[in-house]
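Here is the structure we will look at.
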Amino acid sequence: MPDVSYSLVGFCKSAIEDGLDAIANAGFLCIELTGIGTSFEDWHIEQGDAVPVPPTGRAAADFRNQIARRGLRATTFHAPPRKNVLGAPTEDWRREKVAVLGNYLRFAGEIGAAGVVIHGIPNPMFLPRDKDVATFVDPMVDAMQRSVAELVPVAAEAGVRILLENLPYQRDVDIEYPLIRMQQLRPFVEDFPPAQVALIVDTGHAWTNGDDPAREIEIAGDRLWGTHLQDVPLKDPNDNHWTPTEGELDWPVICATLRRINYAGAWTFEVINGRHGETADELARQSRAAAMTWGL
């Protein structure tokens, strides 16, 4: 039976203890951790440029024990997003974030997670406004290549995979934005060992970009080791993060495609918003019910 996981980002306005309790009470056995502070009590999603240093040693072990105490296990960890990317267009930015992301790879290994979701290319909103976006394409691609190469040994030592995600940025630029779709990411990861570098498909990101989620899954193929399952409307999608089956994506086809490629990673629900005003607890229960209808 595959692991069925729920992202703590759905409880970003709650204390981590409350989020974990709600996820366990909804019937999940696995979680995806997201942004964290320096202790189990200091939980937050990163909102600015400051990034907390993750716990290590005894503090990381206590973090893992607190999760296990609720009958849960971390399948994946989502590294802080925003400017914490691999393909930063300036060298100072890139070096700073490689160090940050290395710390999170080590932390993920200490808590027993199998993969770390990392954003590759920065959101266009973070690029300098005084230059054309096109001038940053080659530097970002080169930076992402070098950053992944530098982090592969860290991932190997930690026993985790770097999971590169498709990102919903195409609608925000007038050029073909690099390394945000599986047709770009799949050839990119071929240069790196599968045990350390793999892919994650976010279904809502795909459709927001104008891509078929099932096709993205097919392209990722045997390098797919993560999912973010979320729903969006067919018209004017906006990375809505609704519960699967509450939007309009073709979930029978998506599920069938995951099974057809023999997907072996976690089926992770990344649900943040209620289409009809549901609470965070209700969304977790709603997601578990959807998983059960899929035979998970």
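The values are calculated or read from the model by the stated rules, or taken from the named source; none is laboratory data. Here the structure is a predicted model, which is why all the values come from computation and not from measurement. Note that we place each Cβ from the backbone using ideal geometry, even for glycine, and neighbour counts take in every protein chain shown.
Across segment 146-181, what is the total count of residues that are assigned to a helix (DSSP H, G or I), more than 16 Å from Gly87 (Cβ to Cβ) and at pLDDT 95 or above?
6
Report yes if some residue within segment 218-229 is surrounded by 17 or more Cβ atoms within 10 Å (Cβ to Cβ), under 19 Å from the mean Cα position of the chain (by Cα), modelled with pLDDT of 95 or more and more than 30 Å from Glu157 (Cα to Cα); otherwise report no.
Within segment 218-229 (the criterion being surrounded by 17 or more Cβ atoms within 10 Å (Cβ to Cβ), under 19 Å from the mean Cα position of the chain (by Cα), modelled with pLDDT of 95 or more and more than 30 Å from Glu157 (Cα to Cα)), the answer is no, since none of the residues qualifies.
Scan segment 123-145 residue by residue and report those that are without any contact (Cβ under 8 Å) to a residue 40 or more places away in the chain and outside any helix (DSSP H, G or I).
The answer is Leu127, Pro128, Arg129, Asp130, Lys131, Asp132.
Applying the selection to segment 71-100, what residues are buried (at least 16 other Cβ atoms within 10 Å of the Cβ) and in a loop (DSSP other than H, G, I, E, B)?
Leu72, Ala79, Pro80, Pro81, Arg82, Lys83, Asn84, Val85, Leu86, Gly87, Ala88, Pro89
Give segment 232-242 a look and list any residue that's surrounded by 21 or more Cβ atoms within 10 Å (Cβ to Cβ) and touching an Asp or Glu at 6+ places or on another chain (Cβ under 6 Å), or say none. If you could, list the steps in order and put the result at the bottom.
At the first step, the residues of segment 232-242 found to be surrounded by 21 or more Cβ atoms within 10 Å (Cβ to Cβ) are 232, 237, 241-242.
The answer is Trp242, and nothing else.
Looking at Val173, is it surrounded by fewer than 24 Cβ atoms within 10 Å (Cβ to Cβ), touching a residue at least 12 places away in the same chain (Cβ under 8 Å) and farther than 24 Å from Tyr104 by Cβ?
Values: surrounded by fewer than 24 Cβ atoms within 10 Å (Cβ to Cβ): yes; touching a residue at least 12 places away in the same chain (Cβ under 8 Å): yes; farther than 24 Å from Tyr104 by Cβ: yes.
Against the criterion (surrounded by fewer than 24 Cβ atoms within 10 Å (Cβ to Cβ), touching a residue at least 12 places away in the same chain (Cβ under 8 Å) and farther than 24 Å from Tyr104 by Cβ), Val173 qualifies.
Among the candidates Ala61, Ala114, which residue alone is modelled with pLDDT of 95 or more, small (Gly, Ala, Ser), surrounded by fewer than 22 Cβ atoms within 10 Å (Cβ to Cβ) and out of contact with any helix residue (DSSP H, G or I) (no Cβ under 6 Å at 6 or more places or on another chain)?
Values: Ala61 fails: modelled with pLDDT of 95 or more.
Answer to the selection: Ala114.
Counting just the residues of segment 274-296 that are in contact with a strand residue (DSSP E or B) (Cβ under 6 Å, 6 or more places away or on another chain) and surrounded by fewer than 17 Cβ atoms within 10 Å (Cβ to Cβ), which one comes out nearest to Gly115 (Cα to Cα)?
Leu296
Quick check on segment 101-122. Is at least one of its residues in contact with a Leu (Cβ under 9 Å, 6 or more places away or on another chain), among the charged types (D, E, K, R), part of a helix (DSSP H, G or I) and without any contact (Cβ under 8 Å) to a residue 60 or more places away in the chain?
No, segment 101-122 contains no residue that is in contact with a Leu (Cβ under 9 Å, 6 or more places away or on another chain), among the charged types (D, E, K, R), part of a helix (DSSP H, G or I) and without any contact (Cβ under 8 Å) to a residue 60 or more places away in the chain.
How about segment 119-135: which of its residues are buried (at least 24 other Cβ atoms within 10 Å of the Cβ) and either hydroxyl-bearing (Ser, Thr, Tyr) or in contact with a helix residue (DSSP H, G or I) (Cβ under 6 Å, 6 or more places away or on another chain) (or both)?
Gly120, Ile121
Taking only segment 182-212 into account, find how many residues are closer than 19 Å to Gly265 by Cα and part of a loop (DSSP other than H, G, I, E, B).
Initial filter on segment 182-212 (closer than 19 Å to Gly265 by Cα): 182, 185-186, 189-190, 192-206.
Among the residues that remain, those that are also part of a loop (DSSP other than H, G, I, E, B) are: 190, 192-196.
Adding up the residues that qualify gives 6.
Can you name the number of the only condition in (1) within 15 Å of the chain's Cα centre (by Cα); (2) on the phi > 0 side of the Ramachandran plot that Asp236 fails?
All conditions are met except number (1).
For segment 236-247, enumerate the residues that are in contact (Cβ under 8 Å) with a residue 12 or more places away in the chain and over 20 Å from Ile31 (Cβ atoms).
Taking segment 236-247 first, the residues in contact (Cβ under 8 Å) with a residue 12 or more places away in the chain are 237-247.
If the condition is that a residue be in contact (Cβ under 8 Å) with a residue 12 or more places away in the chain and over 20 Å from Ile31 (Cβ atoms), then Pro237, Asn238, Asp239, Asn240, Thr245, Glu246, Gly247 are the ones that fit.
Taking segment 213-242, which residues are hydrophobic (A, V, I, L, M, F, W, C), in contact with a Leu (Cβ under 8 Å, 6 or more places away or on another chain) and outside any loop (DSSP other than H, G, I, E, B)?
The answer is Ile217, Ala220, Leu224, Trp225.
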